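Data first, discussion second: the structure below is written as C-alpha cells.
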Amino acid sequence: MTNSSSRLRILTQNMFMRPPLIKTNKSDWKDERLDYFIDNILGNYDVVCLQEMFEFASSRRSRLLAAAEKLGFKFYVVSQRQYPWNLAIDGGLVVLSRYPIVESDSFEYQRGIGPDWMAKKGVLYAKIAMAEGDTHVHLFTTHTQASYGEVVITQPDVKRRLSQLFEFHNFLERILPKHRAAGEAVVLTGDFNVDSRDHVLHDPSKVKYEREMEDGVETSDEGKAMMAVLEGRGIDPKVLGPDNVDEFRGKTTYALHDALKERLGYHPVTFGNIVVDKEGGVFPRETVLTTKLDSEVMHSIDYVFWYNPDPQEHKASIVTELIDVGVVPNFTPDREFTQISDHYGVAAVIALK
C-alpha cells in the first residue's frame, strides 16, 4: 500500500424488489427499476448493501449478480435461498463488493409477525479486505420487522423488531471477537424499520407541516431503544409495556455512532417524504411505489452505524475513518417511476490512510 489514501464508497439501499405478483399500484416497475439501478447507480460504489432484493420465484437477483460481476463486483454474500416447502421466502439481503470478501456469515432472525412472517429476515456479514489485505472493514447489513400503520412502542411488532435487533447485537458479539483485529472499522447498514424522528412540530403556530431539518432533531423513544439494544446497554423493560420483562442487555457493549444524525444534526427522511408548494400545500414526494398509508409519514429508517473505538487501538500504520455520509434519493428522471425504490438510499465514504 502506498502512503496515499484509499477510499471505500458504500451504498445501502432497500430495493423494494418484492416477489412476482406483489405490487403497490398498477405496476412496481421491477425489471425497469433494476435495469436503471444497474445502468446508472451500481457502478458508482465499491460496496453495495441491498435489502428487499428477493430471489424467491424470480431471476432478478441472478441478473443483478451477473451484471455486478461485469462491473467489477467479483465478491458477494446473499440471503439463503428458500423453497416452497420451507413455507418462507428468502431474507432479500445482498452485499456486493469490488474488494475481496475473505470471511462471511449470516443469521436468520426469529420469524416476523403479520406479513413479515413470510420472509426469513436477518443479517449478513462480510469481512472486506482492503489495502492489499493489511486491514479490513467489517460490514453488516440487515432488514428487520416492519410496522404497518401508526407505530406505538408497546405494539407487538415493535417488541419483535427490538428482539431481532438484540439478536443482531448477539451476532456482533459472536463475529467481532473472532474476525476483527484492533483498529478495524465496523459498519452496520440497512433498513432497520425503526423511525428515529419524534414527529413533534416545534413551531406549530407558524408551520402546520413537519419540516425535515428543524423538526427532525429529537430522537423518538424507539430510536433511543434501538441504539441501546444494538449497543448492548439494554432498556427499561417497562418501556415496552407493564408486562414486558425483556431488557435486551448484552454481555459486551459497543459505542455505535449514528453516522447520519451526527453528520447532519438531525434524522433525515428516508421513507415517505413530502414536498411543499409555494402556498404551503403538502403532497407526497413519491406515489408510484409508496402506498397511500405511507406516502407522507416522513420516517427515518435507513442507517449507517459506525464503530471504531479508542484511537489507541490503531497499532498498525493504517487508520480507517468515516469521512462522509448522506442520504441519496436516487431519483429517476424521465421514467415511469420517480425513484429507484420507495426508500431513499444512504451512502458513506471510508478512507484508509
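The values are calculated or read from the model by the stated rules, or taken from the named source; none is laboratory data. Just so we're clear, the structure is a prediction, and the values are computed from it rather than from any experiment. As a convention, Cβ positions derive from the backbone with ideal geometry for all residues, glycine included, and neighbour counts pool all protein chains shown. Surface accessibility is based on the protein's heavy atoms, side chains included, excluding ligands, DNA and RNA. Shrake-Rupley method; radii C 1.70, N 1.55, O 1.52, S 1.80 Å.
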| said: If you average the alpha carbon positions of the range 157-186 and of the range 63-132, how far apart do those two centres end up, in angstrom? | reply: 16 Å
| task | May I ask you to list the residues of the range 119-163 whose amide nitrogen lies under 16 Å from a point 7 Å from Cα along the Cα→beta-carbon direction of Lys74? | result | 128-134
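Using just the alpha carbons, could you tell me how many Å³ per residue the convex hull of the range 111-186 encloses?
On the way: hull volume 8.2 nm³, N = 76.
Taking only Cα atoms, the range 111-186 has a hull volume of 108 Å³ per residue.
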| All lysines inside 27 Å of Lys206 as judged from Cα atoms, apart from same-chain residues fewer than 8 positions distant | Lys261, Lys278, Lys292
| remark: Long-range amide H partners of Gly345, meaning residues 5 or more apart or on another chain whose placed amide H is closer than 5 Å, are Val328, Asn330
| task | Please list the radius of gyration and Dmax for the chain, considering alpha-carbon atoms only, with Å as the unit. | result | 19.8, 58
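Given a cut-off of under 8 Å on Cα pairs at least six residues apart, what relative contact order in percent is computed for the range 66-110? Provide the component values of the computation, followed by the final result.
Working: 47 pairs, mean separation 18.0, N = 45.
About 40 percent, as a whole number.
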| Probe 1.4 Å, all protein chains in place: accessible area of Phe331 in Å², nearest 10? | 80 Å²
| note | re the range 187-231: pairs of Cα atoms spaced beyond 13 Å account for a percent value of 60 percent
| GNM top mover of Ser58, Ser295, Ser106 - the chain, alpha-carbon springs below 10 Å | Ser58
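Leaving out ligands, DNA and RNA, what percent of the accessible area of the chain is carbon and sulfur, probe 1.4 Å?
Working: 8040 of 15780 Å².
Summing carbon and sulfur atoms, their accessible area is 51 percent of the total for the chain.
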| Top mean-square fluctuation among Asn44, Asn86, Asn25, Gaussian network model of the chain, C-alpha springs under 10 Å? | Asn86
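Between Rg and the Kirkwood Rh of the range 172-213, both from Cα atoms, what is the Rg to Rh ratio?
Numbers: Rg = 19.2 Å, Rh = 14.5 Å.
My calculation of the ratio gives 1.32.
Using Cα pairs closer than 8 Å and at least 6 residues apart in sequence, work out the relative contact order for the chain, in percent.
Values: 768 pairs, mean separation 65.6, N = 353.
Answer for the chain is 19 percent.
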| said: Given points 7 Å out from each Cα along the Cα-Cβ axis, report the Trp85 to Asp221 separation in nanometres with one decimal. | reply: 4.6 nm
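Given a 1.4 angstrom probe, what's the average accessible area per residue across the chain, in square angstrom?
On the way: 15780 Å² over 353 residues.
With all protein chains present, the chain gives 45 Å² per residue.
Give the value in nm², to one decimal: projected area of the alpha carbon convex hull of the range 10-62, averaged over all directions. Don't skip to the answer; put the middle values down first.
Details: hull surface 15.0 nm².
Mean projected area for the range 10-62: 3.8 nm², to one decimal.
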| note | Applying the span-like rule to the chain (DSSP H, Cα extent along axis at least 30 Å, Kyte-Doolittle mean at least 1.6) gives none
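Can you give the Rg/Rh ratio of the range 121-233, where Rg is from the C-alpha atoms and Rh is the Kirkwood radius?
On the way: Rg = 17.5 Å, Rh = 16.2 Å.
Radius of gyration over Kirkwood radius for the range 121-233 works out to 1.08.
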| query | Roughly how many Å is it from the Cα centre of the range 266-303 to that of the range 203-221, as a whole number? | reply | 14 Å
| Protein chains only, probe 1.4 Å: how do Lys238, Lys178 rank by accessible area, largest first? | Lys178, Lys238
| task | Sticking with the crude label model, points 7 Å out along Cα→Cβ, report the distance from Glu279 to Thr338 in nm, one decimal please. | result | 1.8 nm
| query | How many nm is it between the label spots at Asp39 and Met213, if each spot is 7 Å from the Cα in line with the beta carbon? | reply | 3.5 nm
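What is the percent of Cα-Cα separations in the range 230-353 that go past 18 Å? Please report the intermediate quantities before stating the final value.
Values: 5195 of 7626 pairs.
I get 68 percent for the Cα pairs in the range 230-353 exceeding 18 Å.
For His202, His138, His299, what's the largest-to-smallest order of accessible area, 1.4 Å probe?
Numbers: His202 95, His138 0, His299 40 Å².
These residues rank, largest area first, as His202, His299, His138.
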